[in-house]
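Comments concern the structure below.
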Amino acid sequence: MGLLDSLRGLLGRGAAAPESNRPTNIDPWRTPASAGGGNPSLSVTLRLPDCVQLSGTTTTCKDAMLGFARRHGIDRRGGCRETVGRLRHESDNPKSDKAIAVVVEGERVGYLPGAYLEGFRLIEGAAKEVPVQIFTALLPKGLRCEAWVWLGDGTPEWLWSETNHPPMSPQEKAAANHRDNVELVREGLAEGGGRAEEFRRGTVNGVHYLETVEPIKQLKREGRLDEALALCMQSVQAAENEAVAERAEGLGREPAPWYTEQAAIVLRKLGRLDEEEALLRRYLDHVPPESMGNTGPRDIRERLDKLVAKRAKAGK
């Protein structure tokens with residue numbers, strides 16, 4: 001437990017958002033309104049959150065977002081503005097002909113994330129107005145702008161507000177993600193019954209593998225590779241324990257692959273190729289035959305195949 005004790009405050013060193021700033025009483029899986037509810041331009045078939053963060057606000061749409069921030073005076077110290085945007089289907093989008101952009105003041109400020117593209121059908125040429133919320137924060141690398149859109153009916157129920165800003169910096173985001181994971185585990189254990197048993201299966205030394213995600217990332221960023229590896233391997237064991245218990249009940253699931261992938265990356269950086277190969281084979285030994293085509297196992301098998309080929313070429 002010494003290593004894990006030292007990690008308790010690892011993410012607290014950044015400028016994390018205060019705990020009181022976290023949204024409460026939010027149901028993240030509310031069903032958006034259907035096309036029959038007065039929006040004939042929009043068809044909804046997926047059960048996804050009404051309040052959704054847009055993608056592309058810091059990449060392809062960065063200039064438009066910065067322009068909005070300048071026009072509305074939230075480009076110097078950061079701030080929040082609520083406005084109205086329009087959904088626009090981009091059938092000629094090179095990444096997806098189902099892409100739906102959000103346009104504010106004539107400029108595209110972001111896109112609905114991929115999970116929404118199958119569930120929303122915007123009729124070609126139709127325009128649907130939607131409430132938009134834009135936040136800015138002045139970070140060491142410059143101004144960062146992010147946006148949320150409300151896709152439901154009625155008054156928007158925003159996750160954030162002008163007095164309760166979302167995490168914007170990498171440190172804030174990491175701390176918030178870590179708190180959410182810890183809270184998820186805590187609530188699952190407190191629920192008791194089968195739900196608690198699920199979380200206990202993925203726990204080693206009193207820590208569930210979900211609680212190690214952000215600490216592992218932070219240790220890697222800081223170059224503390226031996227510590228990152230130790231935490232990865234503990235989580236690998238926890239994920240394997242969970243998978244073994246579930247297979248005993250006929251569920252036939254493979255272990256969560258992320259921890260093995262991260263451990264393999266660290267071992268590669270440390271030049272410990274024998275251990276990396278053994279770890280990848282260890283993961284595949286825990287994968288049921290019917291799961292071998294899944295993304296996680298496939299990625300790990302491809303990594304193993306490349307490693308074996310590389311070592312053979314080098315004569316090792």
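The values are calculated or read from the model by the stated rules, or taken from the named source; none is laboratory data. These numbers were taken from a predicted model, which means no experiment stands behind them. Here the Cβ is made from the backbone with ideal geometry for all residues, glycine too, and neighbour counts use every protein chain on show. Accessible surface is based on the protein model in full, side chains and every heavy atom, while ligands, DNA and RNA are left aside. Shrake-Rupley method; radii C 1.70, N 1.55, O 1.52, S 1.80 Å.
Just to be sure I understand the model, the point goes 7 Å from the Cα along the line to the Cβ. What's the resulting Glu129 to Val84 distance in nm?
Here the modelled spin labels are 0.2 nm apart.
Could you state the accessible area per residue of region 104-247 in Å², with a 1.4 Å probe and every protein chain left in place?
Working: 6430 Å² over 144 residues.
Result: 45 Å² per residue.
If you wrap a convex hull around the Cα atoms of region 66-200, how much volume per residue is inside, in Å³? Write out the running numbers ahead of the final one.
Numbers: hull volume 23.4 nm³, N = 135.
Expressed per residue, the convex hull around the Cα atoms of region 66-200 is 173 Å³.
Assign one of three labels to region 179-316, namely rounded, prolate or oblate, based on the Cα gyration tensor with a ≥ b ≥ c the square roots of its eigenvalues; rounded applies when a/c is under 1.5, prolate when it is not and a/b is larger than b/c, and oblate otherwise. Don't skip to the end; give the middle numbers.
Working: a/c = 2.81, a/b = 1.41, b/c = 1.99.
Verdict is oblate for region 179-316.
R0 = 30 Å: FRET efficiency of Asn164 with Thr60, Cβ-based, nearest 0.05?
E(calc), rounded to 0.05, equals 0.60.
Give me the one-decimal nm value for the distance between modelled label points at Asp153 and Val182, 7 Å along each residue's Cα-to-Cβ direction.
For the pair Asp153/Val182, the computed spacing is 4.1 nm.
Quote to one decimal, in nm, the extra length available between Arg268 and Glu191 on full extension: 0.36 nm per residue of separation minus the C-alpha distance between them.
Contour length minus Cα-Cα distance gives 23.7 nm.
Amide H of Leu139 versus every other amide H placed in the peptide plane: which residues, excluding those fewer than 5 positions away on the same chain, fall under 5 Å?
It is Arg144, by chain and number.
Working out 0.36 nm times the residue gap between Glu249 and Asn205, then minus their Cα-Cα distance, what length gain in nm do you get to one decimal?
13.5 nm
Probe radius 1.4 Å, ligands and nucleic acids ignored: give me the carbon and sulfur share of the accessible area of region 234-316 as a rounded percent. Let's see the in-between values first.
Numbers: 2170 of 4390 Å².
Roughly 50 percent, rounded to a whole number.
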